[in-house]
Amino acid sequence: MNGTALITGASSGLGSEFARQLDGRVDHFILVARRGEKLQALAASLSTPSTIIEQDLSLADAPETLCERIEALGLIVDVLINNAGIAGPDLLSVTEFSEQRTFEQLMMKTVAELCSRLIPQMQSRGMGWVINVASVAGRFPSSDSGNYGPAKAYVIALSEELNLAVKNNGVKVTALCPGFTHTEFHAVAGLMDAKTNSPSWIWYDASTVVREGLAACDKGRSVIISGRLYRWLDPFLRSRLLRDTLLRLVGRR
Ligand SMILES: NC(=O)c1ccc[n+]([C@@H]2O[C@H](COP(=O)([O-])OP(=O)(O)OC[C@H]3O[C@@H](n4cnc5c(N)ncnc54)[C@H](OP(=O)(O)O)[C@@H]3O)[C@@H](O)[C@H]2O)c1
């Protein structure tokens, strides 16, 4: 791997970890998020030169603005890590519908438009890596009435489609599906009580998730479920029959 890596949501969690694990393996980073000071601190800790772009990716014109800035800098993206994300509002109780719209922009439309704008350039050069950070939550329906799982299901489907479309052009596209991972995600979502009350063995470190994601993309896999626990659970979660059986066994509907 070499060239320029664009990482969205690089100011914390999995995004920062992607930068740490790709440090020295690429020639240049483009680190994107809203909190510039966090990006500056990350860049200062890396040996690979970085360009920092403060950008709110939940705005409809964000992908266009971002790609124009990258082009103006004379940079070409060889590695795209679509990672920025939030938990988002409850679909049935949200009252600020603009919150729902910006969630959908950040989680789906921005991801798709960055793929749409940057993958054709990779195809024409005959090389490229794309990792779209999805979630185990996108593998099965839940009764949460949130839009998080459905949004991640879209990211998985998009990645599988794109993987098939471009794998013969030397471009690899992978949906990385983490389970519960230690990052800022749950604090930002106001879910720290739920995190504290959950068993420690369901939680993985960001380093494991990112290492498995990079290895899967290297192999050209379209989807990787990260973590041995979640890989074991995946067939149960995917099959309604097995899911119901598992829930009955653990005493839950
Ligand atoms: N942690 C988990 O348990 C878990 C499980 C499955 C999947 N995931 C997925 O993993 C990805 C990374 O999340 P994380 O766990 O690393 O959480 P995190 O530590 O909270 O990081 C989220 C990143 O997304 C950025 N971001 C959020 N809203 C943004 C916006 N409007 N514009 C630009 N950047 C934005 C944040 O940067 P700024 O705030 O500086 O903008 C931050 O860098 C997400 O897609 C998430 O859905 C996480």
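The values are calculated or read from the model by the stated rules, or taken from the named source; none is laboratory data. What you see is a predicted model; the values in this text were computed from it and never measured. Ideal geometry is used to build each Cβ from the backbone, glycine not excepted, and the neighbour counts take in all protein chains shown.
Summary table
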item: Residues of the stretch 62-94 satisfying the condition of being within 30 Å of D144 (Cα to Cα), assigned to a loop (DSSP other than H, G, I, E, B) and free of Cβ contacts under 8 Å to residues at least 60 places away in the same chain; result: P89, L91, L92, S93, V94
item: Qualifying residues in the stretch 65-109 (those that are out of contact with any strand residue (DSSP E or B) (no Cβ under 8 Å at 6 or more places or on another chain) and within 19 Å of L31 (Cβ to Cβ)) - the one surrounded by the most Cβ atoms within 10 Å (Cβ to Cβ); result: L106
item: Condition met for R34 (in contact with a helix residue (DSSP H, G or I) (Cβ under 9 Å, 6 or more places away or on another chain), surrounded by fewer than 19 Cβ atoms within 10 Å (Cβ to Cβ) and more than 14 Å from V133 (Cβ to Cβ)); result: no
item: Among residues of the stretch 207-247, those that are among the small types (G, A, S) and within 16 Å of the ligand (Cβ to nearest atom), counted; result: 5
item: Exclusive hit being crowded, with 19+ Cβ neighbours inside 10 Å, in contact with a Phe, Trp or Tyr (Cβ under 9 Å, 6 or more places away or on another chain) and either of a type outside the set (K, R) or at positive phi (or both), set V166, V173; result: V173
item: Strands (runs of 3 or more DSSP E) lying entirely in the stretch 1-60 (those with 1 or more residues that are within 13 Å of the ligand (Cβ to nearest atom) and polar (S, T, N, Q)); result: 4-8
item: Options A157, A206, A215: the member that is buried (at least 16 other Cβ atoms within 10 Å of the Cβ) and within 28 Å of L118 (Cα to Cα); result: A206
item: Selection count where residues are in contact (Cβ under 8 Å) with a residue 24 or more places away in the chain and away from the ligand (no atom under 13 Å from the Cβ), scope the stretch 126-158; result: 9
item: Helices (runs of 4 or more DSSP H) within the stretch 133-245 that include 3 or more residues closer than 28 Å to K38 by Cα and more than 17 Å from the chain's Cα centre (by Cα); result: 192-196
item: Enumeration of residues in the stretch 179-206 that are more than 24 Å from P89 (Cα to Cα) and more than 12 Å from the ligand (Cβ to nearest atom); result: P199, S200, W201
item: Residues of the stretch 207-253 that turn out to be among the small types (G, A, S) and at pLDDT below 95, as a count; result: 2
